[in-house]
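Down below is the structure, laid out as structure tokens.
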Amino acid sequence: MSMEILKAGAKSLGLTLGAHHLARFEAYYRELEAWNKRFNLTAITGCEEIQRRHFIDSLTCLLAFPSGVASASIPDEVPLQWQGTDLRCADVGTGAGFPGLPLKIVFPEIRLTLIEATAKKVVFLEHMVRTLGLSQVEIIHARAEDIGRLPEHREQYDVVLARAVAHLAVLAEYCLPLCRVGGRFIAPKGEDALEEIAAAEEAIALLGGALVAAKPITLPDVPGQRYLVVIDKVAKTPDRYPRRAGIPLKRPLP
Ligand code: SAM
């Protein structure tokens with residue numbers, strides 16, 4: 001099985017993947033394909049598409065990782081000088097592990113919390129983390145709204161990630177309460193990113209966020225513009241957010 005597409009895609013992000021990384025991604029691919037036949041975990045299938053749309057797309061989040069200095073803009077280069085020790089990351093609505101697990105494979109030193117509402121996906125995540133031998137990964141079977149109210153998770157994360165979970169206004173209510181003041185919320189988005197940002201502006205401010213950038217991303221051999229929406233946490237989230245589970249989606253903040 002060739003992971004050459006992933007290797008080249010990672011290279012274009014400034015990451016050199018070694019044999020041990022590629023072996024883990026290959027194992028991830030195999031398990032994902034095998035489990036997908038029974039549990040319908042992801043609509044994306046096939047070795048090449050999984051490399052492009054799951055593995056490389058997840059790794060692009062690194063382009064928005066904080067470099068350790070307060071930055072008004074995001075550098076074009078991956079800030080690999082970042083020392084990963086103790087960086088706490090949460091991936092909200094991670095599904096089969098995206099974008100959190102590919103990032104963890106490349107940077108094993110991050111402390112990763114995967115939050116997922118669907119039980120069968122949680123079972124897969126537990127299996128995958130065991131199979132890949134990853135440590136410092138917490139898997140939580142819950143809705144983000146409930147986790148965002150718990151003191152051990154509220155405003156505890158340096159980086160909060162969420163891909164393909166909800167519109168930005170809804171997503172901001174799931175994610176910003178988890179983010180510490182000074183931390184960053186990163187949401188990979190598709191072509192509608194700019195409209196979503198316009199619609200979520202007030203919600204983001206209300207929840208203590210400030211838009212840093214919508215960084216355009218192009219994936220190799222994948223049509224369509226993608227963006228990393230990058231929001232810094234600049235103020236505490238008011239206590240009344242997130243609202244009860246289900247309410248953010250039903251009645252998004254204006
Ligand atoms: N992030 C993954 C990806 O990019 O492949 C999965 C995307 S999938 C379309 C959306 C996932 O978010 C589903 O697995 C769903 O169960 C989960 N989800 C939706 N709302 C959630 C919430 N409020 N809290 C936790 N998980 C949620």
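Does residue 127 qualify as being in contact (Cβ under 8 Å) with a residue 24 or more places away in the chain, in contact with an Asp or Glu (Cβ under 9 Å, 6 or more places away or on another chain), away from the ligand (no atom under 12 Å from the Cβ) and farther than 14 Å from residue 104 by Cα?
Values: in contact (Cβ under 8 Å) with a residue 24 or more places away in the chain: yes; in contact with an Asp or Glu (Cβ under 9 Å, 6 or more places away or on another chain): yes; away from the ligand (no atom under 12 Å from the Cβ): yes; farther than 14 Å from residue 104 by Cα: yes.
Criteria met by residue 127.
Within the range 140-148, is there a residue that is modelled with pLDDT of 95 or more, more than 21 Å from residue 168 (Cβ to Cβ) and not β-branched (Val, Ile, Thr)?
Within the range 140-148, one or more residues are modelled with pLDDT of 95 or more, more than 21 Å from residue 168 (Cβ to Cβ) and not β-branched (Val, Ile, Thr).
Evaluate the range 190-212: report whether one residue or more is within 15 Å of the ligand (Cβ to nearest atom) and part of a strand (DSSP E or B).
No; the residues of the range 190-212 include none that is within 15 Å of the ligand (Cβ to nearest atom) and part of a strand (DSSP E or B).
Within the range 138-164, can you find the residues that are buried (at least 19 other Cβ atoms within 10 Å of the Cβ) and either within 13 Å of the ligand (Cβ to nearest atom) or farther than 16 Å from residue 234 by Cβ (or both)?
Across the range 138-164, the qualifying residues are 139, 140, 143, 144, 145, 147, 148, 153, 160, 161, 162, 163.
Could you go through the range 214-221 and let me know if any residue there is of a type in the set (Asp, Glu), modelled with pLDDT under 95, under 20 Å from residue 58 (Cα atoms) and crowded, with 17+ Cβ neighbours inside 10 Å.
Narrowing the range 214-221 to residues of a type in the set (Asp, Glu): 221.
Among the residues that remain, those that are also modelled with pLDDT under 95 are: 221.
Checking the rest, the ones that are also under 20 Å from residue 58 (Cα atoms) come to 221.
In the following step, the residues that additionally are crowded, with 17+ Cβ neighbours inside 10 Å were identified as none.
Among the residues of the range 214-221, not one is of a type in the set (Asp, Glu), modelled with pLDDT under 95, under 20 Å from residue 58 (Cα atoms) and crowded, with 17+ Cβ neighbours inside 10 Å, which makes the answer no.
Which residues, counting only those in the range 104-124, are within 13 Å of the chain's Cα centre (by Cα) and either within 12 Å of the ligand (Cβ to nearest atom) or of a type in the set (Asp, Glu) (or both)?
Selection gives 113, 114, 115, 116.
Write out, first by first residue and then by second, each pair whose Cβ atoms fall under 6 Å of each other, whose residues are 6+ apart or on separate chains, and whose first residue, in the range 89-107, is within 18 Å of residue 170 (Cβ to Cβ) while the second is β-branched (Val, Ile, Thr) and near the ligand (Cβ under 6 Å from one of its atoms).
Going by the 6 Å Cβ cut-off, the qualifying pairs are 92/115; 93/165.
The values are calculated or read from the model by the stated rules, or taken from the named source; none is laboratory data. Owing to the predicted nature of the structure, the values given are computational and were not obtained by experimental measurement. Counting neighbours? That spans all protein chains shown, and the Cβs are built from the backbone with ideal geometry, glycine included.
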